[in-house]
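See structure below.
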Amino acid sequence: MFRLAHLTDPHVGPLPRPQLRQLLSKRLTGWYNWHRSRSATHDMELLAALVSDIRAQAPNHIACTGDTCNIGLPSEWTTSRIFLESLGSPETVSFVPGNHDAYVMGALEGLLKEVAPWTRGIDGREGVFPFLRRFGPVALVGLSSAIPTLPFVASGRVGSRQMKAAERILAELGQDPACFRIVLIHHPPHRGGAQPGRNLTDASAFEAMIRRVGAELVLHGHNHVGSLAHLPGPRGPVPVVGAPSASARSGTMTHKAGYHLFTIDRDETGFLLTAELRGLQPDGTIGGMGMLSLGQIRRGGGGS
């Protein structure tokens, strides 16, 4: 049995005081939005409580799908590393970046230098996507959809080079019926997963890739809401699961701070996948919110 905790979009704060020259860019709108509303939405005490709950569940591994930063300030890169350290060592935590981590040109490169060990693939390379990490029967394939964009745009892109490399990795892994493949990405990777201006611009190419080579599970963030969709795969539907922001204090039940705890098990017919949503309770504590209805993921016994 393998247990994986997935959290996303912690938007670690408080936002450091920027220098004036650092605001002469898209950062100005992000800085304004943080002080207007985001600082009240993203609660760091709540985030700390959620991280404590994750650690109490003692998962085998933790995946964070981006947006540790807010406006890509250099001082946020260190804060991001400290946050990932609070989750666990690079051997027990995997990270892929989000659009806020690539807020302006150069921001993503600076962040990845700081958090590189949490992106280290089995080939020993760091900060290179896609990466492949193996934990027994479980394979994590990490993609970066983080790109700098214009003000008021939060879209992402994987790109043809990265997409082709991911397809090769997934195809090779797919030849082993004892391998459970999980794709990590920040943006919802399916068409309609986010509105124009916030979407993955090459979602059609991602869908086509999954249709050809398959995966057993795709995890993403970005929308700050718990969600479930499915993509066609060569052996059946592939679940695509989005998590809410890990620090959101307000909103509906599916918007408030939470994370998913996946359990991957096996029986004589193949893999079994279950998932629990854990998050902010009405009394302010962190606890179980119910199980996700994912269906059965079976390899070796039919089904993708």
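The values are calculated or read from the model by the stated rules, or taken from the named source; none is laboratory data. Fair warning: this is a prediction, and the values are worked out from it, not measured in the lab. We place every Cβ from the backbone using ideal geometry, glycine too, and count neighbours over all the protein chains shown. Accessible surface areas use protein heavy atoms only, side chains included; no ligands, DNA or RNA. Shrake-Rupley method; radii C 1.70, N 1.55, O 1.52, S 1.80 Å.
Ligands, DNA and RNA aside, Thr285 has an accessible area near 70 Å² when probed at 1.4 Å. Excluding same-chain neighbours fewer than eight residues apart, the lysines reachable from Lys113 by a Cα-Cα span under 23 Å are Lys26.
Determine how large the accessible area of Leu200 is when every protein chain is in place; take a 1.4 Å probe and give Å² rounded to the nearest 10. Counting only protein heavy atoms, Leu200 exposes about 10 Å² to solvent. Relative contact order, whole percent, for the chain stands at 18, derived from Cα pairs under 8 Å and 6 or more residues apart.
Ordering Ser293, Ser52, Ser227 by accessible surface, largest first, gives Ser293, Ser52, Ser227; the 1.4 Å probe counts only protein heavy atoms, with every chain in place. For Ser86, Ser94, the ranking by accessible surface with the largest value first comes to Ser86, Ser94, using a 1.4 Å probe.
Projecting the Cα atoms of Gly136, Ala5, Ile71 onto the charge dipole of the chain, computed from C-beta unit charges around the Cα centre, puts Ile71 farthest toward the positive end. Subtracting the Cα-Cα distance of Ser89 and Asp283 from their residue separation scaled by 0.36 nm leaves 66.7 nm. Computed over the chain, the convex hull of the alpha-carbon atoms projects to a mean area of 14.0 nm². Heavy atoms of the protein chains alone define the surface here; on that basis segment 2-298 has 40 Å² accessible area per residue at 1.4 Å probe size.
Before anything else, pin down the relative contact order of segment 174-226: Cα pairs under 8 Å, at least 6 apart, normalised by residue count, whole percent. It rounds to 50 percent for segment 174-226.
With a Förster radius of 30 Å applied to the beta-carbon distance between Glu126 and Leu272, the computed FRET efficiency rounds to 0.35. Remark: relative contact order (segment 41-133) = 26 percent; criterion is Cα-Cα distance under 8 angstrom and separation of 6 or more residues. Computed about its Cα centre, the charge dipole of the chain is approximately 680 debye, with only Lys, Arg, Asp and Glu carrying charge at their Cβ. Against the criterion of solvent-accessible heavy-atom surface with a 1.4 angstrom probe, Trp118, Trp77 sort, most first, into Trp77, Trp118. Counting only protein heavy atoms and using a 1.4 Å probe, the accessible area of Lys256 comes to about 70 Å².
Here's the picture: a label point sits 7 Å out from the Cα of Ala178 along the beta-carbon direction, and within segment 130-151 the residues with their amide nitrogen under 19 Å of it are 133-140.
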